1. Could you tell me whether residue 395 is assigned by TED's automatic domain parsing to the domain that holds residue 433 and either touching a strand residue (DSSP E or B) at 6+ places or on another chain (Cβ under 9 Å) or buried (at least 23 other Cβ atoms within 10 Å of the Cβ) (or both)?
2. Quick one: what pairs do we get from the stretch 144-164, first residue under 30 Å from residue 186 (Cα atoms), second surrounded by 14 or more Cβ atoms within 10 Å (Cβ to Cβ) and among the polar types (S, T, N, Q), C-beta under 7 Å, 6+ apart or different chains?
3. For the stretch 243-269, enumerate the residues that are under 18 Å from the mean Cα position of the chain (by Cα) and at negative phi.
4. Just the residues that are under 12 Å from residue 262 (Cβ atoms) and at pLDDT 95 or above, please, taken from the stretch 303-327.
5. Which of the following residues is over 20 Å from residue 309 (Cβ atoms), crowded, with 19+ Cβ neighbours inside 10 Å and in contact (Cβ under 8 Å) with a residue 12 or more places away in the chain: 329, 406?
6. Tally time: how many residues in the stretch 338-354 are surrounded by 17 or more Cβ atoms within 10 Å (Cβ to Cβ) and in a helix (DSSP H, G or I)?
7. Restricting to the stretch 262-277, count the residues that are assigned to a loop (DSSP other than H, G, I, E, B), farther than 11 Å from residue 334 by Cα and touching a helix residue (DSSP H, G or I) at 6+ places or on another chain (Cβ under 9 Å).
8. Is the stretch 328-338 home to any residue that is in contact with a Phe, Trp or Tyr (Cβ under 6 Å, 6 or more places away or on another chain) and under 13 Å from residue 261 (Cα atoms)?
Amino acid sequence: MTITSFGPANRIARSAETHPLTWRLRDDGEPVWLDEYQAKDGYAAARKALAQMSQDDIVQTVKDAGLKGRGGAGFPTGVKWGLMPKDESMDIRYLLCNADEMEPNTWKDRMLMEQQPHLLIEGMLISARALKAYRGYIFLRGEYTTAARNLNRAVEEAKAAGLLGKNILGSGFDFELFVHTGAGRYICGEETALINSLEGRRANPRSKPPFPAAVGVWGKPTCVNNVETLCNVPAIVGNGIDWYKSLAREGSEDHGTKLMGFSGKVKNPGLWELPFGVTARELFEDYAGGMRDGFRLKCWQPGGAGTGFLLPEHLDAQMYAGGIAKVGTRMGTGLAMAVDDSVNMVSLLRNMEEFFARESCGFCTPCRDGLPWSVKLLRALEKGQGREGDIETLLGLVGFLGPGKTFCAHAPGAVEPLGSAIKYFRPEFEAGIAATGSDALRPNLAKPIHEPIVIGA
C-alpha cells in the first residue's frame, strides 16, 4: 500500500500543515504507538478540547469547518452532531465508529486503524466530548484482524495514560471505548443495521424516523461516524477552521483532504491523502502512473463498487462530491478502480451483482428479489443465452431499485454501476443475446419469473 503526498508521487514529504491524516505515518508501515504519537503532537487537540472548549464550541467548530462524512454519503458532520438532544437529563449517550469497511475496492479506513490507531481514538475522544457521550464503540469489520489487534492495544495504552476512562486529564469527563468486531455483513455499513447488529439483533436497517440521534443503540441517543471522518476532528480542533478550509483546491465545494486511491491494472496502485478538488486525471496519471504496459483504460469507478462507471474522457472531473456529480455519478469513498480493455463488462457486472445480491438483508422486496433477478439475467447474457428483452428488463430493475424505491440505500448503490455499464457498453450486453427468435421472449417486469434463483450456485 502506497501513501504519498500532494505533488507527484514520492516527491514531496508529508507535513502536519498539508497532510493532517497521514503526516505521522512511519515509512516502514509499522503502527504509531502512544509514545511516538504524543511526540508527534498527538492528543494535543484533545487536551485543548477538554481544557479550553465547551461541547457547543467543538460542535460549532466542526460545523463551520465544513467537515462531511467520509464513508460515502457525505452528510455534514457538525449538522449530524447538532441533532443530538440538548436535554441534559439524557445522560446516557453513545458514539459509534462505523469501521465495517466492506465496500469492494475500498481499504482507506483499514490503513488508518492499522497504522494510526491513536488518531482514531483521539478523534473519538474529542467527538464524545462534543456529544456528551460517555461510551464509544468501534464497530469493526470482522476480517480486519490486524486492525482489531492494534486498536485494542492502543485502547489499553490510552487507558494507562489517563486518556480514556474516568476524569480524563482531570477534566471531569468520562469516556470508555470498546472495539467490537462484526460477523461480516456488508449491510452493517448502514448505520441503523450496525446498531441492530451491535445490540445482538439481525442486521436489518431500521425505519427512520426516529433517527439514531433520538433513539439509537439500546434506545439511547447515538451518533454514528465513519473512521476517516473521526480522524479529521483532531486537526480541525487543533489548527482551526480557516486552515482546514484552505487545504482544498480552488473550485471544490468540499473542504480539507481526502484519502483517495486507484486500483486495477495501474502501474502504481495505492492510497494517497490529497486535497479535495484534484482531478481524477492527476490521481490516475501522476499518482497511479497510468495503465500498465499492454493495457488500455476502458472505464473507471470513482469510489467503490456502488458508484457508476465513467469513461476515460471523464478523468478531468474534480474529485469532490459535486465534481463527480457533474459527470453523472457519486464520489463514494474516493477510491477509484480502473477497468482495462481486457474485461468483459457483462462478466464484471455479474460478479458485482452477485456480491450485492448475497449481501442484501432481505428486508424489502425490491432488493431481496430484484438483485437475484439481475444476477440471473446477467448469467444468461454472460453465457450467450440471453433473450430479447433482457436488457430492457435489467434497465427496468435499475429504475425499480433506484433511490427512494427501497428501504435503504443498498439496492440503489447496487444497480448504479449496472445502469451506467449498459449506458456506455450496451453492445457487450447485446452480444449475449442468443438468436432464438421472437417466440423466446423473456417475461417482462409485469410477469415475475417463477423458477428459483439461487445465489452462489
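1. On the way: assigned by TED's automatic domain parsing to the domain that holds residue 433: yes; either touching a strand residue (DSSP E or B) at 6+ places or on another chain (Cβ under 9 Å) or buried (at least 23 other Cβ atoms within 10 Å of the Cβ) (or both): no.
It is false that residue 395 is assigned by TED's automatic domain parsing to the domain that holds residue 433 and either touching a strand residue (DSSP E or B) at 6+ places or on another chain (Cβ under 9 Å) or buried (at least 23 other Cβ atoms within 10 Å of the Cβ) (or both).
2. Short answer, once both residue conditions are applied: 148/181.
3. First, the residues of the stretch 243-269 that are under 18 Å from the mean Cα position of the chain (by Cα): 254-263.
Listed by number, the residues that qualify are 254, 255, 257, 258, 259, 260, 261, 262, 263.
4. Initially, the stretch 303-327 is screened for residues under 12 Å from residue 262 (Cβ atoms), giving 303, 315, 319.
Once the filter is applied, which keeps residues that are under 12 Å from residue 262 (Cβ atoms) and at pLDDT 95 or above, the stretch 303-327 yields 315, 319.
5. Details: 329 fails: over 20 Å from residue 309 (Cβ atoms).
One residue alone meets the criteria, 406.
6. Of the residues in the stretch 338-354, 8 are surrounded by 17 or more Cβ atoms within 10 Å (Cβ to Cβ) and in a helix (DSSP H, G or I).
7. 2
8. As a first pass, look at the stretch 328-338 and keep what is in contact with a Phe, Trp or Tyr (Cβ under 6 Å, 6 or more places away or on another chain): 336, 338.
Those left that are additionally under 13 Å from residue 261 (Cα atoms): 336, 338.
Yes, that holds for at least one residue.
The values are calculated or read from the model by the stated rules, or taken from the named source; none is laboratory data. The structure displayed is predicted, hence computed values, not measured ones. Neighbour counts run over all protein chains shown; Cβ positions are idealised from the backbone, glycine included.
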